């Protein structure tokens, strides 16, 4: 149950267009709903401002579809991350209007009242070092979209050709928060952190050859960034970076 819907409902009551009993009928849903294999937190958005998101990895297709059905029934839509082919196919069949992003491995369904209203008119910028980092970057973009925010993208502007990034001065200047996604040597967040005055969220990816240790090398490089104030998310965690960016944008 999203805060925007509750606010609208209370405004309807205050204006005399809805009765208290009608409002109670919408609000009397239990905060949590047990499905046996999952316990859905329907009031998370009321508490934290953001709804529960379904992590698809490790779940059966049946469990994933059932959880999404119960979320969708409340009118708030859903976001599923780390889906597999079978989960995406089943959700696409059940919800033809859902946005399927196979690269990001996400499925996103808007609520019955449409997309979440933007909490900020400012834009998050997602910067990728290489094309191989796009799956993580797209997960971040889909997550921001589900939370009602706009994301711009700069793709394949890593330090091997730093002129590609430096040519994008306007995009860097206009961003309210920057998510930098990079594997290999993980150097790009330090460069971006030295160019902008807004928050920079670094996301190491598991892209790279053997000595990258599946992203550990990039993670350590980002944690040791010489650019002051760069914060770092877990390896391949585009979702976490987007949620951090959403919280930042929500304060602006």
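What follows is calculated from the coordinates using simple rules that are stated; it is not laboratory data. On a predicted model such as this, the values are computed, not experimentally measured, just so you know. Every residue, glycine among them, receives a Cβ derived from its backbone with ideal geometry; neighbour counts consider all protein chains shown.
Tell me, in nm to one decimal, what length is gained between residue 195 and residue 103 on full extension, where the rule is 0.36 nm per residue of separation less the Cα-Cα distance?
30.2 nm
Report the extension gain between residue 159 and residue 38 in nm, rounded to one decimal, defined as 0.36 nm multiplied by the number of residues separating them, less their alpha carbon distance.
The residue 159-residue 38 span can extend by a further 39.2 nm.
Would you mind computing, in nm to one decimal, how far apart the modelled labels at residue 19 and residue 169 are, each placed 7 Å from Cα along Cα→Cβ?
Inter-label distance under the simple model: 6.5 nm.
Report Rg (one decimal) and Dmax (nearest whole number) for the stretch 172-252, counting Cα atoms only, units Å.
12.2, 41
How much FRET efficiency would the formula 1/(1 + (r/R0)^6) give for residue 226 and residue 94, where r is the Cβ-Cβ distance and R0 is 45 Å, rounded to 0.05?
0.40
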